[in-house]
1. What part of the accessible area of the range 63-194, given as a whole %, is carbon or sulfur when the probe is 1.4 angstrom?
2. Suppose every Lys and Arg Cβ carries +1 and every Asp and Glu Cβ carries -1, with no other charges. What dipole size does the range 1-71 come out with about its Cα centre, to the nearest 20 debye?
3. Note down the net charge around ARG186, summing +1 for each Lys or Arg and -1 for each Asp or Glu among other residues with Cβ under 15 Å from its Cβ.
4. Take the Cβ-Cβ distance between GLU96 and ALA49 as r, set R0 to 22 Å, and report the resulting FRET efficiency rounded to the nearest 0.05.
5. Starting from the Cα of ARG192, step 7 Å along the direction of its Cβ; do the same at ASN149; then give the gap between the two resulting points in nm.
6. Using alpha carbon centroids, what distance separates the range 141-178 and the range 46-108, in Å?
7. Local charge sum around GLY158 (other residues, Cβ-Cβ under 12 Å, Lys/Arg +1, Asp/Glu -1)?
8. Suppose all protein chains stay in the model; what accessible area per residue would a 1.4 Å probe give for the range 57-176, in Å²?
Amino acid sequence: MSEQLIIGLVSISDRASTGIYEDKGIPALQEWLGGALSTPWRAETRLIADDQPTIENTLIELVDRCGCHLVLTTGGTGPALRDVTPEATLAVADKEMPGFGEEMRRISLNFVPTAILSRQVAVIRKQALIINLPGQPKSIRETLEGVRNAAGEVTHVGIFAAVPYCIDLIGGPYAETDPAVIKVFRPKSAIRPA
């Protein structure tokens, strides 16, 4: 039995956190991860306001006290004054992982020209990978899973293909996925027998 993957899911929205509208980020993440992951996992969820100290404290809590191996945030990555998720994420980081942000914008540019306004980042804090995702459920799925053509074939691989191997490298549990949703990439030397 492999160790359970603990995933922090953080939706960052002033309006959703005060009940003005229903949060769609956490349910979208839970649904996608439920279909994508084939190994045991559980979620720690947080719905918080667009406030830098609150975001920083939430990320620290999820990694340092809850033991999350992966933290996925949604919301607060645009150019608006209240969008401070990337700043908060960088403030708690040990290492920056710029390839994730670059690739998320490349994927999103397949759909909308405004993807260049997105400022998502990814970082390592201790034993955890923290990734800022877009705010819309459709964009979350596309970023994680990739771009598919009309026949359903992947034409641009999503960022989640690299996430399990990154978690391996920082000492987390070995995670596997359903290849019909997203096929994990690992070097041959890092693949464990089934």
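The values are calculated or read from the model by the stated rules, or taken from the named source; none is laboratory data. Just so it is clear, the model here is predicted, and its values are computed rather than measured. Note that we place each Cβ from the backbone using ideal geometry, even for glycine, and neighbour counts take in every protein chain shown. Only protein heavy atoms, including side chains, enter the accessible area calculation; ligands, DNA and RNA are left aside. Shrake-Rupley method; radii C 1.70, N 1.55, O 1.52, S 1.80 Å.
1. Carbon and sulfur: 58 percent of the exposed surface of the range 63-194.
2. Computed charge dipole of the range 1-71: roughly 200 debye.
3. Around ARG186, the charge tally is +1.
4. Here the calculated transfer efficiency is 0.35.
5. That separation, rounded to one decimal, is 3.6 nm.
6. Taking the Cα centre of the range 46-108 as reference, the centre of the range 141-178 is 19 Å away.
7. Charge balance near GLY158 sits at +1.
8. Roughly 43 Å² per residue, with all protein chains present.
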